[in-house]
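The values are calculated or read from the model by the stated rules, or taken from the named source; none is laboratory data. Given the structure is predicted, the values throughout are model-derived calculations rather than measurements. When we count neighbours, we look across all protein chains shown, and the Cβ atoms used for this are built from the backbone with ideal geometry, even at glycine.
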């Protein structure tokens with residue numbers, strides 16, 4: 001392409017004095033009395049726009065340049081020069097300004113240059129990426145995703161695309177969405193009068209996945225180090241700022257790794273991607289620190305520079321009991337900790353990310369490895385100050401007899417898990433893994449309060465616009 | 001972790017003479033008359049296993065080592081030494097062999113060490129990653145995915161997670177799957193007796209996406225260079241070796257780019273990822289060249305070294321007519337080319353990848369940019385020898401009046417597209433993009449004949465196992 005991105009211009013990829021062309025959208029226009037206009041041109045390639053200084057000697061100065069408003073698209077050509085004003089290193093002395101697209105009725109342009117509430121922006125999901133805040137979120141989200149793939153690649157992991165449509169609810173991790181092509185006006189019936197899913201597209205009832213874990217274990221037991229990174233779904237009617245019906249998950253699965261090794265790997269992974277954000281997206285992070293959450297940067301720096309604390313669930317419960325704190329939900333051994341407990345541990349007691357390990361078996365899934373005490377399983381949660389649980393994982397039960405005992409204890413039918421059991425019948429190995437909610441990670445890094453603002457088109461109860 | 005991957009051992013990341021530990025699965029065991037066993041140990045980190053030479057002086061030699069069969073999992077520690085045999089650079093002089101998991105009834109182990117048909121392997125999707133062929137496919141798939149993300153990142157593109165669940169079938173690109181939580185035994189009804197989707201999870205009828213394009217255009221019109229990489233769905237009952245109901249798509253969308261620039265970008269992208277495969281996964285590619293498709297490597301090399309041919313649709317039709325070839329489907333201006341036509345062009349006429357441009361408007365979607373002739377639109381397909389269409393794209397109609405004319409011509413309701421039209425009302429820009437079927441790309445690179453063998457758990461009519 002014959003034009004240069006604003007990011008490349010501002011970071012000195014072109015030399016002062018060079019002829020350059022930039023294409024983008026007007027953020028603001030300011031006219032001086034001396035007959036010069038200053039255009040802030042943004043193309044989304046980085047946080048900042050570049051300034052174009054437009055003299056009134058241009059042919060279309062009166063007719064077009066002075067009519068430019070926020071959101072108009074332009075091509076500007078001219079000379080790149082060092083900027084004398086503060087803030088930016090370079091600006092463009094414009095020699096030509098071509099208008100590509102006007103804004104119809106600028107007064108009613110939904111993204112006009114004023115402060116909009118985040119709730120207002122949510123009503124315009126198709127335009128909100130043009131704002132500072134959602135643009136910055138998008139670049140951070142991309143940076144985290146790129147860094148995540150890069151990290152796994154460098155560590156010798158293979159990305160596995162586990163299925164989105166699944167016919168088993170093995171994990172029982174949550175309410176599921178049904179996927180079907182049956183004609184609802186004309187449902188096929190069995191002789192007993194039930195819906196006949198053998199007539200459906202997949203020949204049986206099918207759902208959207210809640211996790212790729214069980215599937216990806218089959219690949220860990222062949223390629224050793226693997227991960228998923230894809231969308232997962234929960235049909236829970238929770239209308240909160242922390243839940244989405246459709247969200248992206250990262251799920252590494254590591255053969256030959258025990259719980260402690262996996263916890264150490266999770267720590268390494270989080271630090272790696274936070275480092276990437278701080279070094280690659282300083283511009284956006286400075287915006288978040290300025291406007292969204294004062295300690296956005298220092299919080300990540302602290303996260304990177306500290307070792308994670310480690311604590312057994314049993315000890316964590318004692319810490320909570322001995323804290324003297326009145327919690328809304330009472331604390332006793334055996335409870336599934338709620339957010340207030342998790343945040344107390346991370347924010348007030350340890351004042352650092354903390355890995356809580358070895359949870360009571362009765363609050364955990366069937367596939368987690370039984371500890372020798374017969375009461376707890378090798379599960380872990382990583383809790384972080386400011387957000388609570390960010391990662392949940394476990395060592396998987398690799399011993400067939402224990403796995404079968406758990407299935408039976410939980411009234412699950414071993415036949416439904418025959419392929420999962422095969423992994424334990426044929427060359428079983430210790431293995432562990434965890435799940436990270438990618439969207440929640442983006443809220444953590446940016447300090448955004450509502451998870452609906454860190455994904456382009458959020459899905460939630462009664463919300464599937466666009 | 002305290003062990004080293006086979007890939008690191010074979011590529012000299014450790015020195016000859018070092019003490020090393022490897023963990024993996026037995027591929028084969030061979031016993032010499034001199035009382036030594038040779039174990040081929042595979043961990044999926046690369047194509048080849050490493051050989052461990054086990055002396056009968058080990059305590060568990062008789063009881064365990066000589067009972068090891070294909071698929072058993074082991075930990076082997078010993079000294080890394082340069083291999084005297086041909087083929088491999090290094091092997092391990094074993095000092096300890098620990099068995100982690102036996103194979104239950106080795107005679108009936110589904111992945112026993114013999115040649116299995118690819119159809120047979122498909123019956124064991126949870127175990128087939130342990131074979132040479134599916135292991136190699138998996139590493140190639142990962143390599144292509146990593147290279148794809150890296151390429152876009154280096155080119156200044158941002159990854160956008162467009163929604164999987166959607167309430168509009170804007171593109172009309174194909175049959176869709178319904179996503180619902182309604183109780184089929186008890187469907188809510190409107191007063192008119194229709195199914196009342198206002199009671200459904202999303203408050204309206206919802207589907208699985210067929211493409212992220214329309215959604216991602218909103219981000220291209222804010223961040224300039226963006227792409228999607230995620231699953232898409234077609235509920236078509238086509239039971240072929242080229243179609244999946246659930247498949248992964250890569251969809252770049254480029255503001256300020258016309259059709260030719262986008263075609264050039266597609267060429268650059270394909271060459272980049274093929275280069276990555278050839279340089280990073282030579283081991284797996286050699287296997288494909290040996291066992292699956294003789295020219296697997298030379299084909300990619302040719303692809304990389306040749307410029308893509310460029311031809312207008314109208315000229316391509318003339319070439320087909322003048323070829324004198326009897327095609328199954330007759331050729332005339334206006335047809336949607338079928339696979340035989342596409343392959344003739346790429347394989348016999350141009351003998352190289354070819355970009356066909358400017359298709360008749362009547363066989364293309366509403367959003368493609370009308371050419372000045374009023375008959376064709378700025379659409380393109382990239383056809384490759386050996387596979388036919390691999391990429392389809394277009395310049396998008398950025399002019400509101402033309403877009404509206406097309407919507408009306410195709411009896412589409414402009415209100416359903418109000419957000420899409422907004423992009424043309426507010427600072428519209430020329431922009432273009434394309435879609436690449438990622439799974440089809442993997443079949444192309446590996447030479448695998450059936451697309452069901454390049455994704456871990458394929459989904460197709462009556463197929464949603466695991």
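Points to keep in mind about this one:
- Residues that are at the interface with another protein chain (Cβ under 9 Å from one of its Cβ atoms) and touching a strand residue (DSSP E or B) at 6+ places or on another chain (Cβ under 9 Å), drawn from the stretch B:439-464: B:439, B:455, B:457, B:458, B:459, B:460, B:464
- Residue in the stretch A:102-119 that is at the interface with chain B (Cβ under 8 Å from one of its Cβ atoms) and either closer than 30 Å to residue A:228 by Cβ or not in a loop (DSSP other than H, G, I, E, B) (or both) present: yes
- Given (1) in contact (Cβ under 8 Å) with a residue 40 or more places away in the chain; (2) within 26 Å of residue A:102 (Cβ to Cβ), index of the condition residue B:414 fails: (1)
- Applying the set (1) in a loop (DSSP other than H, G, I, E, B); (2) at the interface with chain B (Cβ under 10 Å from one of its Cβ atoms); (3) over 29 Å from residue A:210 (Cα atoms) to residue A:125 leaves exactly one unmet item: (3).
- From the options A:235, A:222, residue that is surrounded by fewer than 24 Cβ atoms within 10 Å (Cβ to Cβ) and either facing chain B (nearest Cβ under 8 Å) or out of contact with any helix residue (DSSP H, G or I) (no Cβ under 9 Å at 6 or more places or on another chain) (or both): A:235
- Qualifying residue in the stretch B:160-170 (condition: more than 7 Å from every other protein chain (Cβ to nearest Cβ), surrounded by fewer than 16 Cβ atoms within 10 Å (Cβ to Cβ) and touching a residue at least 12 places away in the same chain (Cβ under 8 Å)): yes
- Taken as a whole, the condition of being surrounded by 18 or more Cβ atoms within 10 Å (Cβ to Cβ), more than 26 Å from residue B:158 (Cβ to Cβ) and touching a strand residue (DSSP E or B) at 6+ places or on another chain (Cβ under 9 Å) applies to residue A:65.
- Some residue of the stretch A:45-53 being away from chain B (no Cβ under 12 Å) and surrounded by fewer than 15 Cβ atoms within 10 Å (Cβ to Cβ): no
- Filtered residue count, the stretch B:171-194, keeping only those that are more than 7 Å from every other protein chain (Cβ to nearest Cβ), in a helix (DSSP H, G or I) and either in contact with a strand residue (DSSP E or B) (Cβ under 6 Å, 6 or more places away or on another chain) or touching a residue at least 24 places away in the same chain (Cβ under 8 Å) (or both): 0
- Here the stretch B:244-253 is the region considered, the condition is being over 23 Å from residue B:357 (Cα atoms) and touching a helix residue (DSSP H, G or I) at 6+ places or on another chain (Cβ under 7 Å), and the residue that is nearest to the other protein chains (Cβ to nearest Cβ) is B:248.
- On inspection, residue B:412 fails the criterion of being touching a helix residue (DSSP H, G or I) at 6+ places or on another chain (Cβ under 6 Å) and surrounded by fewer than 19 Cβ atoms within 10 Å (Cβ to Cβ).
- Qualifying positions in the stretch B:315-349 - in contact with a strand residue (DSSP E or B) (Cβ under 7 Å, 6 or more places away or on another chain) and either surrounded by 14 or more Cβ atoms within 10 Å (Cβ to Cβ) or outside any loop (DSSP other than H, G, I, E, B) (or both): B:316, B:339, B:342, B:343, B:345, B:346
- Among the candidates B:277, B:210, B:216, B:250, the residue that is closer than 26 Å to residue A:160 by Cβ, in contact with a strand residue (DSSP E or B) (Cβ under 8 Å, 6 or more places away or on another chain) and part of a helix (DSSP H, G or I) is uniquely B:216.
- You will find that of A:123, A:82, the residue that is exposed (fewer than 15 other Cβ atoms within 10 Å of the Cβ) and free of Cβ contacts under 8 Å to residues at least 24 places away in the same chain is A:123 and no other.
- Residue B:355 being crowded, with 20+ Cβ neighbours inside 10 Å and under 24 Å from the mean Cα position of the chain (by Cα): yes
- Qualifying residue in the stretch A:254-261 (condition: in a strand (DSSP E or B), within 22 Å of residue A:155 (Cβ to Cβ), within 12 Å of chain B (Cβ to nearest Cβ) and touching a helix residue (DSSP H, G or I) at 6+ places or on another chain (Cβ under 8 Å)): yes
- Some residue of the stretch B:134-151 being at the interface with another protein chain (Cβ under 7 Å from one of its Cβ atoms), part of a loop (DSSP other than H, G, I, E, B), touching a strand residue (DSSP E or B) at 6+ places or on another chain (Cβ under 7 Å) and modelled with pLDDT of 95 or more: no
- Filter pass, residue A:95 being at pLDDT below 95 and away from chain B (no Cβ under 13 Å): no
- Breaking point among (1) loosely packed, with under 15 Cβ neighbours inside 10 Å; (2) in contact with a helix residue (DSSP H, G or I) (Cβ under 7 Å, 6 or more places away or on another chain), for residue B:290: (2)
- Residue match in the stretch A:247-258 (condition: surrounded by fewer than 17 Cβ atoms within 10 Å (Cβ to Cβ) and modelled with pLDDT of 95 or more): yes
- The set of residues from the stretch A:183-204 being over 28 Å from residue B:134 (Cβ atoms) and touching a helix residue (DSSP H, G or I) at 6+ places or on another chain (Cβ under 7 Å) comprises A:187, A:188, A:195.
- Tally of residues being within 15 Å of the chain's Cα centre (by Cα) and surrounded by 20 or more Cβ atoms within 10 Å (Cβ to Cβ) across the stretch A:259-277: 5
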